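I have placed the structure first, in the form of structure tokens, so that the comments after it can refer back to it.
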Amino acid sequence: HDRVAAPVGPIVETSPLTPRTGYGRTKLRGEEILAERATREGYSWTVLRLPTVYGPGQKPDGLFDQLIKRAEGGSLLGRLDWPGRTSIVHVDDVAAAMIELAGRPDAAGEVFCIASDESLTVGDLARGIGAAIGRPVQPIAIPGLLVAIARWIVWNRAIAAMVPASGRLAFWRLSLIISDGFWFDTKKFRRVYTRPLKSLQEGLRSLK
């Protein structure tokens, strides 16, 4: 899932599939291949669409890795109270959900957006990470007018088209932290998967 216009509410399973990166496009193609081959090859499938996954072995230089480094160094960027909501899920919960739903007949042929039960901003994540590693983050509020201008820029298609290839990834990332880029509605998932999911505080203990 991705957004090509300013977010209005969270992403659900039926939200438009509009990947803006090569990574997203290959994920979408993978889903298409599964569905195309299922009938011919005689298997059922269940798709779990993941937000930011964190925990032991997490992606180097991913969101959590970046926030940890910025908290450790007292970076100004790490202290900005980024308002974009972004869904997260601990790797242990991903594995448990995959195992359980793979064997559930009511999950066959279904797509689920999965995430923890929290609705956190990137600023919330930064403060939680700072507290967990013993480097408290003192947030710096971003003026509302500046937030509004930044959101207008990142969702303006004409401006996006002018961004050089070398800057497109950074431009895309800015859209995710200044507004609700990867914020999932997990009601469908939680109707079939009722086990407790780790909160950010609980999940961060696994990184120590």
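General remarks:
- Among the conditions (1) open to solvent by 60 Å² or more (accessible area, probe 1.4 Å); (2) closer than 29 Å to ALA131 by Cβ; (3) of a type in the set (Asp, Glu), the only one that ASP65 does not satisfy is (1).
- From the list GLN138, GLN58, the one residue that fits, being part of a loop (DSSP other than H, G, I, E, B), in contact (Cβ under 8 Å) with a residue 24 or more places away in the chain and loosely packed, with under 13 Cβ neighbours inside 10 Å, is GLN138.
- If only residues of the range 99-112 that are closer than 13 Å to VAL192 by Cβ and hydrophobic (A, V, I, L, M, F, W, C) are counted, the one that is most open to solvent (accessible area, probe 1.4 Å) is ALA102.
- Qualifying positions in the range 35-50 - surrounded by 14 or more Cβ atoms within 10 Å (Cβ to Cβ) and either touching a Cys at 6+ places or on another chain (Cβ under 8 Å) or not hydroxyl-bearing (Ser, Thr, Tyr) (or both): ALA38, TRP45, VAL47, LEU48, ARG49, LEU50
- Residue in the range 115-137 that is nearest to THR186 (Cα to Cα), counting only those that are of a type in the set (Val, Ile, Thr) and touching an Asp or Glu at 6+ places or on another chain (Cβ under 8 Å): THR121
- If you filter the range 154-208 down to residues that are of a type in the set (Gly, Ala, Ser) and in contact with a Ser or Thr (Cβ under 7 Å, 6 or more places away or on another chain), you find that the one that is modelled with the lowest pLDDT is GLY181.
- Index of the failed condition, VAL91 passing every other in (1) surrounded by 18 or more Cβ atoms within 10 Å (Cβ to Cβ); (2) in contact with a strand residue (DSSP E or B) (Cβ under 8 Å, 6 or more places away or on another chain); (3) under 13 Å from LEU207 (Cβ atoms); (4) of a type in the set (Val, Ile, Thr): (1)
- Residue check for ILE159: β-branched (Val, Ile, Thr) and outside any helix (DSSP H, G or I): no
- Taking the criterion of being surrounded by 15 or more Cβ atoms within 10 Å (Cβ to Cβ) and more than 16 Å from the chain's Cα centre (by Cα), the residues of the range 172-191 that qualify are LYS188, ARG190.
- Candidates ALA71, ALA115 - the one that is in contact with a helix residue (DSSP H, G or I) (Cβ under 9 Å, 6 or more places away or on another chain), more than 23 Å from LEU197 (Cβ to Cβ) and not β-branched (Val, Ile, Thr): ALA71
- THR194 vs. criteria β-branched (Val, Ile, Thr), out of contact with any helix residue (DSSP H, G or I) (no Cβ under 8 Å at 6 or more places or on another chain) and either surrounded by 19 or more Cβ atoms within 10 Å (Cβ to Cβ) or more than 30 Å from GLU110 (Cα to Cα) (or both): no
- Selection of the range 4-16 for residues being without any contact (Cβ under 8 Å) to a residue 24 or more places away in the chain and either touching a strand residue (DSSP E or B) at 6+ places or on another chain (Cβ under 6 Å) or open to solvent by less than 80 Å² (accessible area, probe 1.4 Å) (or both) yields only SER15.
The values are calculated or read from the model by the stated rules, or taken from the named source; none is laboratory data. Because the structure is predicted, anything quoted here is derived from the model rather than measured. Glycine gets a Cβ as well: all are built from the backbone with ideal geometry, and neighbour counts include every protein chain shown. Each accessible area value is taken on the protein alone, full model and side chains, heavy atoms only, with ligands, DNA and RNA left out. Shrake-Rupley method; radii C 1.70, N 1.55, O 1.52, S 1.80 Å.
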